[in-house]
There are 2 protein chains.
Amino acid sequence: MPRAPQKRRLETRAKLLSVAEEIIDTQGCSALRVEDVVEKAGVAKGTFFSHFGDKDGLLTVILGARVMGFLDEMEAAPRPQSPAEIADRLTPLLNFVAQDRVIFDLLLRYSGTTGAEVDEVITQGFIRQITMFAGWISALQAEGTLRADTAPALLAEGVQAFLNHVLAIGFCMEHADKRPPAEAILPYLERWLVR
Amino acid sequence: MPRAPQKRRLETRAKLLSVAEEIIDTQGCSALRVEDVVEKAGVAKGTFFSHFGDKDGLLTVILGARVMGFLDEMEAAPRPQSPAEIADRLTPLLNFVAQDRVIFDLLLRYSGTTGAEVDEVITQGFIRQITMFAGWISALQAEGTLRADTAPALLAEGVQAFLNHVLAIGFCMEHADKRPPAEAILPYLERWLVR
DNA sequence: CTTATAAATTGACCGCGGTCATATTTTTCT
DNA sequence: AGAAAAATATGACCGCGGTCAATTTATAAG
């Protein structure tokens, strides 16, 4: 079994993460360059890759943590009572993902990982998200608000599909259709969740 | 206005395209390297980029043409009479896109471009595809087969969303769930298109 | 035919993600 | 404490997409 990491390693990792987060917060994910990170952190390039595998590995850790934060908020808020309220709950997460194509691309790459590799933060996030959707839907089905002819799991997957769809659309028309994604998704939810 | 390209330029372009297509057919899109293409075509690197802008530009031309071929087939076939038959019509295109992540990623990047830049082949392909879906749906609504409470355009967009969803899922679970995408999409179509 | 002008091509060069044999530091063992 | 072993860090190096000032080739003008 692998030995616990030494203090030095944890410090190096923390340094790399904090430098990277600062760059992301000030310049966005697209501007993140590994060479900048290692230079500002005062470590060698190889060290970066021994910690995170590749650039996506770093992004996975940082973005995964942020996604988890949004999921915490969603779970803390009262359960939505309608498609419109579901769209409301999604707003912060959608705006976060919509702000940068790099975020969307990275999340999408993991958006179907429901099986193996559950160690990945992002995978856990997706499972949690789908589970949460299914919980919302299931409760609303019981109250008679949503269609009851379809399993909550399938409906939840569909919500995920629409979510990715409006995000993808948003990235394509650079300036046209400035409608926020949470608004764009509503027509789909109303048609998909209500019978 | 720009002058017509010279014969030499057309030959160079054709050579680059044929070499690239051969590599794609034998080794797949992921294995396509610009340096290989220019070497096999006997042309300098800069020439490649003066023709296609970037690597994606080349892929756009080649994959766009192939997608158009699939759309031709779909339009030639008799109009589908049910969600299951819609899934049938989608099968060749879905299998094509599902064969390589690079194809999926590239198509997705253009999948919402309905406004400007209509000169792009892929954009035209998407518009054509959505229009075709809407046509199918509209006809089936008139026959009473599909739900008539929702505009064909919105239903067609939803089909597109599910299509991308099952493809994304397919790429995530490397080996598990070997179900072909056309089969995976059916439950969604039945719930989305029928009331 | 010669010269000016535009089109097409060239290849040295750069940026940046990623690798790996080597060096340094920390831990373990006697 | 000192030696062996394991963990960590290093930086020269590579692959490959992409750039651009300079060169060659084709077309138009005199």
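The table below lists the values:
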| quantity | calculated |
| --- | --- |
| Test: residue in segment B:139-151 that is touching a helix residue (DSSP H, G or I) at 6+ places or on another chain (Cβ under 8 Å), of a type in the set (Ser, Thr, Tyr), in a helix (DSSP H, G or I) and within 14 Å of chain A (Cβ to nearest Cβ) | no |
| Among (1) surrounded by 16 or more Cβ atoms within 10 Å (Cβ to Cβ); (2) touching a residue at least 24 places away in the same chain (Cβ under 8 Å); (3) farther than 23 Å from A:Gln160 by Cβ; (4) more than 14 Å from chain A (Cβ to nearest Cβ) - the single one B:Ala134 does not satisfy | (2) |
| Hey, A:Met74 under 12 Å from the mean Cα position of the chain (by Cα) and modelled with pLDDT of 95 or more or not | no |
| Segment B:28-75 - residue that is on the phi > 0 side of the Ramachandran plot and away from DNA strand D (no atom under 11 Å from the Cβ) and, of those, nearest to the other protein chains (Cβ to nearest Cβ) | B:Gly28 |
| Some residue of segment A:164-181 being hydrophobic (A, V, I, L, M, F, W, C), buried (at least 21 other Cβ atoms within 10 Å of the Cβ), in contact (Cβ under 8 Å) with a residue 40 or more places away in the chain and farther than 25 Å from B:Thr123 by Cβ | no |
| Residues located in segment A:1-27, provided they are outside any helix (DSSP H, G or I) and near DNA strand D (Cβ under 7 Å from one of its atoms) | A:Pro2, A:Arg3, A:Pro5, A:Gln6 |
| Inter-residue pairs, beta-carbon under 9 Å, first not assigned by TED's automatic domain parsing to the domain that holds A:Val97 and in segment A:26-48, second more than 8 Å from DNA strand D (Cβ to nearest atom) and outside any helix (DSSP H, G or I), 6+ apart | A:Gly28/A:Gln99; A:Gly28/A:Asp100; A:Cys29/A:Gln99; A:Cys29/A:Asp100; A:Ser30/A:Asp100; A:Val34/A:Asp54 |
| Among the residues listed as A:Glu22, A:Glu35, A:Glu11, A:Glu85, the single one being within 13 Å of DNA strand C (Cβ to nearest atom), touching a Lys or Arg at 6+ places or on another chain (Cβ under 9 Å), more than 21 Å from A:Phe126 (Cβ to Cβ) and charged (D, E, K, R) | A:Glu35 |
| Pairs with Cβ under 6 Å, 6+ apart, first in segment A:1-22 and away from every other protein chain (no Cβ under 14 Å) and without any contact (Cβ under 8 Å) to a residue 24 or more places away in the chain, second part of a helix (DSSP H, G or I) and more than 10 Å from DNA strand D (Cβ to nearest atom) | A:Val19/A:Val37; A:Val19/A:Lys40 |
| Residue in segment A:41-58 that is more than 9 Å from DNA strand C (Cβ to nearest atom), out of contact with any helix residue (DSSP H, G or I) (no Cβ under 7 Å at 6 or more places or on another chain) and β-branched (Val, Ile, Thr) present | no |
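The values are calculated or read from the model by the stated rules, or taken from the named source; none is laboratory data. If you're wondering where the values come from, they're calculated on a predicted model, not measured in any experiment. Note that we place each Cβ from the backbone using ideal geometry, even for glycine, and neighbour counts take in every protein chain shown.
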